[in-house]
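Input: a single structure, listed below in structure tokens.
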Amino acid sequence: MENKYMCEETIVHQDVVKDVQSQIINENMSDKLSKFFKAIADPTRMKILYALKFKELCVCDISIILNMSQSAISHQLKTLKENDLVRSRKEGKTRFYRLADEHVHHIFEVSLAHLMEEHDEKDL
């Protein structure tokens with residue numbers, strides 16, 4: 001059975017391998033990146049981040065927008081905050097949340113653009 005993801009013969013391109021090895025991210029950054037993607041991989045957290053793209057929102061607003069309990073939203077916001085994806089400010093007894101920075105918004109734009117691209121079936 002042919003595996004289209006493997007070379008038919010083993011030829012190591014030493015110059016290419018050394019070049020990539022010298023530029024690849026280190027273990028520490030790889031772990032941080034993995035945690036980052038795990039934080040945004042949850043569908044509820046993804047919806048929260050997407051909602052915050054438009055406006056600063058409090059837990060009450062987010063719970064209504066997503067039709068979920070405030071407790072559930074609060075739990076998800078804690079994870080997002082721990083991963084520096086959202087920031088908050090307190091106004092009286094209400095805490096408002098916003099995206100941590102423009103990079104978070106940009107990640108969504110680029111990801112959605114990628115998903116909306118049409119790919120050749122042969123490449124999939």
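Once the chain from residue 78 to residue 23 is taken as fully extended at 0.36 nm per residue, the excess over their C-alpha distance is 16.4 nm. So which lysines can residue 35 reach, going by Cα to Cα under 20 Å and dropping same-chain residues fewer than 8 places off? Those lysines meeting the cut-off are 47, 78, 81. Between the residues 69, 46, 80, the greatest Cα displacement towards the positive end of the dipole of the range 22-92, with unit charges on the Cβ of Lys, Arg, Asp and Glu, is found for 69. Its DSSP H runs of at least 4 residues, each contributing -39,500 (n - 2.57), put the calculated 222 nm mean residue ellipticity of the chain at -17500 deg cm²/dmol, to the nearest 500. Below 8 Å between Cα atoms, with a sequence gap of 6+, how large is the relative contact order for the chain in percent? It rounds to 20 percent for the chain. The length gained on full extension between residue 44 and residue 13, counted as 0.36 nm times the residue separation minus their Cα-Cα distance, comes to 6.8 nm.
In a simple Cβ point-charge model (Lys, Arg +1; Asp, Glu -1; nothing else charged), the range 14-123 has a dipole of about 1020 debye relative to its Cα centre. In a DSSP loop and with at most 15 other Cβ atoms within 10 Å, the trypsin sites (Lys or Arg not before Pro) in the range 30-104 are 53, 55, 93.
Rule-based calculations on the coordinates, nothing more; no lab input. Everything numeric in this text was worked out from a predicted model, so none of it was measured. Using ideal geometry, Cβ is built from the backbone for each residue, glycine included, and neighbour counts are taken over all protein chains shown.
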